[in-house]
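For reference, the structure is listed below as structure tokens.
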Amino acid sequence: MGAMLFKSFEEKFRPILKDEFPRLVEYLSAGPRQCIRANTLKVDAKELRKRLEEKGLKLEEVPWYKNAFFVEAQEKVSKTLEYFLGYYFIQDASSLVPPLLLDPSPTDAVLDLCAAPGSKTTFMAELMQNKGLIVAVDMETKRLKALSSNLQKMGVTNTIVFRHDGRKALDMEFDKILVDVPCTGSGTTNLFFWSNKAVIKFSNLQKALVESASKMLREDGSIVYSTCSIDPEENEAVIDYAITQLGLKVEKVHVPGLKYREGLTEYAGTRFAEEVKDCIRFILSTIRQKDFLYAS
Amino acid sequence: MQVKKISPREVEELIKENYGSEISLDNFNVFIRKDQKIFLASKGLPAPLIEKSDYLLHFGTIKKNRKIQLSVEGSQLVGRTASKNIAVLDEENISKFVEGLSAKPRELVGCSIGNFVLVKHGNDFYGSGVLREGYVEGYIPKERRVMKEMKRI
């Protein structure tokens, strides 16, 4: 990160994160830790672990999902025969959390509003045992190809894919909707998009996506909203908009094994709805993972 | 996707003829595209959405003379109960196969030259290839191949 960018970043996030700010900087310097998720549509997770360990890979179970593992030998993970066979997916351990919170069942109709490249879509298909229905949409054709390629490799058969601007509601209703929005990525090592101007631009897009999702949600349905940004404008402000303008309610969630803190209820002189505190926020600097905020 | 729904029985019969495997595709809706590619979808997916979809699981491609070439995923569904047209590859040759190269089989189970064969290593199935004199010609799609410069472990 350049000095100017860091100064601007520090000015914004040190007051928000306080004593956690050094942990964020530590994470941004270190980068993410490799994680793999066993694809139980094709293989038993224990059997996969045994096979990979026999090849010399060191695996450590992710505390919040028993079928995912941190892997030490990063350079080898995409070169194994098991990877070719689609027996596991390489992803950030943090991106396991939104599907776990959405908790899709084999009878659900699920919408993945910004689906590509598909780490969460393929995980949801797995959680649904390839039953029910997933509609996975994204804006960019190139990214849809990556999504389709990943779905094929994971052996997914319950998913429909097409190009669609998520800001426009489909003429359909869903039991569960994942709104994993485009964002500045300020909670990741990829800070190319981050600027105060970009934060506002993304915040407006994110509100439009949540609004569209709310129109397609069945009564008593659930939306999980997630970002890999740590900016309140892209997180708490969007949830506040969902509560005050769209009439959505925030449900308190818990992820066993994951340490997190509650959402901010005030930022830069703006007071958010009290329920916003039930969102979760985490920085995983000790295990070098991304930062996400969720609400459902 | 412009596809036509077909009876699973048609594909099951082809699989039995080619690979001696008695699989059931009853859990799927089976579709064929103009280019003879066969796709699978879980039962219950709405027809209008199938038409709209850019993706369905590619199972295989029907070729001349009632032959069927299987994708990696197709071979994984069929392989467990297959009894013929199986080429077993050793460690060195499976590495070549996943790079998209031709590979020498260690063992052949009920194979004929010129036929499509399931490619097996250990208990795993890696797709299909065509058996030539002394080698299996690979058909791994480019995007699926393990890059040559990446040393496989």
Within segment A:27-35, does at least one residue satisfy the condition of being touching a residue at least 24 places away in the same chain (Cβ under 8 Å), more than 19 Å from the chain's Cα centre (by Cα) and buried (at least 21 other Cβ atoms within 10 Å of the Cβ)? no
Does A:ARG51 qualify as being surrounded by 12 or more Cβ atoms within 10 Å (Cβ to Cβ) and either away from chain B (no Cβ under 13 Å) or hydroxyl-bearing (Ser, Thr, Tyr) (or both)? no
From the list B:ASN93, B:ASN18, B:ASN85, B:ASN65, exactly one residue is within 14 Å of chain A (Cβ to nearest Cβ) and either farther than 19 Å from A:ILE160 by Cα or more than 16 Å from the chain's Cα centre (by Cα) (or both). Which is it? B:ASN93
Read through the list (1) modelled with pLDDT of 95 or more; (2) within 12 Å of chain A (Cβ to nearest Cβ), then give the number of the only condition that B:GLY44 fails. (1)
Before we move on, is B:PHE31 at pLDDT 95 or above, in a strand (DSSP E or B) and aromatic (Phe, Trp, Tyr)? yes
Among what's in segment A:166-197 and is of a type in the set (D, E, K, R) and at pLDDT 95 or above, pick the residue that is nearest to A:GLY2 (Cα to Cα). A:ASP180
Looking at this structure, is B:GLY60 of a type outside the set (Val, Ile, Thr), crowded, with 18+ Cβ neighbours inside 10 Å and away from chain A (no Cβ under 11 Å)? yes
Enumeration of residues in segment A:106-145 that are among the hydroxyl-bearing types (Ser, Thr, Tyr), outside any loop (DSSP other than H, G, I, E, B) and over 21 Å from A:ASP92 (Cβ atoms): A:THR141
Looking at this structure, is A:SER94 part of a helix (DSSP H, G or I), surrounded by 20 or more Cβ atoms within 10 Å (Cβ to Cβ), modelled with pLDDT under 95 and at negative phi? yes
Mind checking which residues of segment A:14-63 are farther than 23 Å from A:LYS259 by Cβ and not in a loop (DSSP other than H, G, I, E, B)? A:ALA38, A:ALA45, A:LYS46, A:GLU47, A:LEU48, A:ARG49, A:LYS50, A:ARG51, A:LEU52, A:GLU53, A:GLU54
When you scan segment A:127-138, how many residues do you find that are crowded, with 23+ Cβ neighbours inside 10 Å and touching a residue at least 40 places away in the same chain (Cβ under 8 Å)? 0
Would you check which residues across segment A:144-191 are within 10 Å of chain B (Cβ to nearest Cβ) and basic (Lys, Arg) and list them? A:LYS145, A:LYS153, A:ARG163
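Any idea which of B:LEU25, B:LEU77, B:LEU89 is touching a Pro at 6+ places or on another chain (Cβ under 9 Å) and under 13 Å from B:LYS120 (Cα atoms)?
Sole residue among the options that is touching a Pro at 6+ places or on another chain (Cβ under 9 Å) and under 13 Å from B:LYS120 (Cα atoms): B:LEU89.
The values are calculated or read from the model by the stated rules, or taken from the named source; none is laboratory data. This is a predicted model, so every value here is computed, not measured. Note that we place each Cβ from the backbone using ideal geometry, even for glycine, and neighbour counts take in every protein chain shown.
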